[in-house]
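One structure is given below, encoded as structure tokens.
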Amino acid sequence: MNRSIESNSDSVRERSDGGSYSSRRLKHLPVFLRRQQPEFERIFEVVDAMALDDTHCHLVTDRDAITTPKRFLERISLAGYPFPAYFPPGIYENWLNGDEATKYDLNKQYDIQSKVDEMTYHLSESIFIKFLTKEMAQFLDCQPTLAAVIEARNERGKNYWSYVNSLFGDVNYENIIHDTGFMDGAGQAEIDAFEEAIQPCRSHRIARIEALQDEFFGLDITFEEFESKYTARLLEILDGDGNYGKKSVGMKSYLLPDIGLIRPLYDRGPAANSWSKLRASYSERPRMDREDAANITKDLCRYTFTLTLEECLKRDLPMQIHTGDGEAPYVILRNQDPFYLEEVVRFDKDNMMRMPKIVPLHAGYPSVGKAAWLSHLYPNCYFELSIMTPFVHQSLYERYKQVLEAVPLSKILFASDNYHVPELFWVSGRWGKRYLSQTLTDYVVGGSLTLEEAIEAARMILYKNNRRLYKLRDE
């Protein structure tokens, strides 16, 4: 794909295969952006038309094709994301899918409806939702109220995959890397439907250590058998088609929020001990305190993490690691400090730092500065922009400046961490391009970057770095 910049006194335009893009979005920008320096308009016009790669996200199923305002709020928000865990296992799902009598009985016992009402009320009063509503109203050509947006969305939801494809096309996604470790109950058929629906955007997959472990944690086998099964399955994922019919382009770990500081473990002894404790306590684990459960498997998980990272290092594949973010009440928030990854980034052995490629996820948010500084100090540590993008919304401009002041442009990766509903893919691309353009404008006006350097910086962040890191073909 050949791309070039044409520069004159009037415009700078991104061209792809000989075509040109209009500046149709400029009229929809907030007034303060339209009044900015002329450099912003010139940069945004090019950046808005650029290709986009998402380095970390999750698939979408058609279960949200038709929704309600409250259900949409619950599914799109991080506060609503873990809502079922606020009740005993299975209770919320039974309430959600039950008949009137079932709902009445469960409400009487657990007060579910009032908790949903309270949560969705606060979500509806967030600036993120108010801003998203206005943006979606523009896209759907309806009144800028949540009720009108959901009504218009439901109309489009009658042909849901066409709607999803239009969202991807609107922001020009060309590649996504989706984490198959969180599938929201989906399987192979749902993956196939999603990947077909978003074409011509290409889909790549990354596997999660914890999902791989879970295949074997419930088996009554010896540690040696577990180790053998885990290793064989890992190699199938990395070298064969073990990730739902495809090879993984890297691996993902969710260990940090469970244990905090991750120290690689090469000694099989503590891991075997941990396996024995797991087997003895397995029937009790669903009812355990989350910290107690994590402590039982801590050494075992450190060991499988180390095995996995060794295999990634051999193949020069990246390891994504859940950092920052939230997902309470599942996780232990205080454990998610980006600096807890330093021993992993170093990966010392035999008095040598071996430095595998590490991608701390979610911008380390809210510890953005720490994640940026870790990336600044270690050349093998990258910086990924999801969760912060899009949930920080208008303040992305300041956050992007905080990232760019420390992290080399060659190591910043665009991502959405989309889950549940496709609008997170779309609004991440829309706002990511908009506020990255605003940030780059400051560097051009201040003399730090030329116009051409700013445009190339956007290309690197939005798609080039992702393709280089994961060795994706630039088709």
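Normalise the Cα radius of gyration of region 145-198 by 2.2 N^0.38 Å (N = residues in it) and let me know the number.
1.32
Which Rg and Dmax, in Å, describe the Cα atoms of region 391-475?
13.3, 42
Using every pair of alpha-carbon atoms in region 25-175, split the distances into 5 Å bins beginning at 0 and state the percent of pairs per bin, rounded to integers.
2, 7, 13, 16, 18, 16, 12, 7, 4, 3, 2, 1, 0
Using a ≥ b ≥ c from the Cα gyration tensor of region 243-389 (square roots of the eigenvalues), is it rounded, prolate or oblate, where a/c under 1.5 gives rounded and otherwise the larger of a/b and b/c decides, a/b for prolate?
oblate
Once the whole set of protein chains is in place, how much accessible area is left on residue 239, using a 1.4 Å probe, in Å² to the nearest 10?
Per-residue accessible area (residue 239): approximately 80 Å².
Would you mind working out the accessible area per residue for region 113-255, using a 1.4 Å probe, and quoting it in Å²?
43 Å²
Over 18 Å apart: what share of the alpha carbon pairs of region 181-301 falls there, rounded to a whole percent?
So the portion of pairs separated by more than 18 Å is 59 percent.
Which percent, nearest 5, of DSSP beta bridges in the chain are antiparallel?
Of those bridges, close to 25 percent are antiparallel.
So for 140, 333, what's the accessible-area order with a 1.4 Å probe, most first?
333, 140
Calculate the length of the line joining the C-alpha centroid of region 329-392 to that of region 183-200, in whole Å.
Comparing the Cα centres of region 329-392 and region 183-200, I get a distance of 29 Å.
Quick check on my link table: of 247/277; 247/471; 246/314, which ones sit more than 23 Å apart, alpha carbon to alpha carbon?
Listed pairs above 23 Å: 247/277.
State log₁₀ I(q)/I(0) for region 237-329 at q = 0.18 Å⁻¹ as given by the Debye formula over alpha-carbon point scatterers of equal weight, solvent excluded.
So the normalised log intensities are -0.95.
Could you work out Rg/(2.2 N^0.38 Å) for region 117-246, with Rg from alpha carbons only?
In units of the 2.2 N^0.38 Å rule of thumb, it is 1.45.
Please report, as a whole percent, how much of the solvent-accessible surface of region 328-475 comes from carbon and sulfur atoms (probe radius 1.4 Å).
52 percent
Can you figure out the FRET efficiency of residue 105 with residue 394, using R₀ = 35 Å and their beta-carbon distance, to the nearest 0.05?
According to the calculation, E is roughly 0.20.
I need the calculated FRET efficiency for the pair residue 402 and residue 232, taking r as the beta carbon distance and R₀ as 60 Å, to the nearest 0.05.
Efficiency at R0 = 60 Å is approximately 0.90.
Using C-alpha positions alone, give me the convex hull volume of region 374-441 per residue in cubic angstrom.
Cα-based convex hull of region 374-441, divided per residue, equals 80 Å³.
Starting from one equal scatterer on each C-alpha and no solvent at all, send me the Debye-based log10 I(q)/I(0) for the chain at q = 0.07 Å⁻¹, two decimals.
-0.38
How far apart, in nanometres, would the label points at residue 151 and residue 292 be if each is projected 7 angstrom from Cα along the Cα-to-Cβ direction?
Inter-label distance under the simple model: 5.2 nm.
Which chymotrypsin sites (Phe, Trp or Tyr not before Pro) in region 311-376 sit in a loop by DSSP (not H, G, I, E or B) and have at most 14 other Cβ atoms within 10 Å of their own Cβ?
Loop-located and lightly packed - 330.
Throw me the Rg/Rh for region 161-234, computed over C-alpha atoms with Kirkwood Rh, two decimals.
Rg divided by Rh gives 1.15.
To check my understanding: the extent here is largest minus smallest coordinate of the Cα atoms along each principal axis. What are those three numbers for region 325-381, in Å, largest first?
The Cα atoms of region 325-381 stretch 39, 20, 14 Å along their principal axes.
Filter the cross-link list 229/411; 115/298; 401/433; 158/252 down to pairs whose alpha-carbon distance in this structure exceeds 25 Å.
229/411; 115/298; 158/252
Counting heavy atoms of the protein chains only and a 1.4 Å probe, report the per residue accessible area for region 328-475 as a whole number of Å².
Spelled out: the 1.4 Å probe surface of region 328-475, per residue, equals 34 Å².
Could you list the GluC sites (Glu not before Pro) in region 317-408 that lie in coil according to DSSP, counting only those with at most 14 other Cβ atoms within 10 Å of their Cβ?
405
The values are calculated or read from the model by the stated rules, or taken from the named source; none is laboratory data. Since the model is a prediction, treat every value here as computed from it, not as a measurement. Neighbour counts run over all protein chains shown; Cβ positions are idealised from the backbone, glycine included. These area figures cover heavy atoms from the full protein model, side chains too; ligands, DNA and RNA do not enter into them. Shrake-Rupley method; radii C 1.70, N 1.55, O 1.52, S 1.80 Å.
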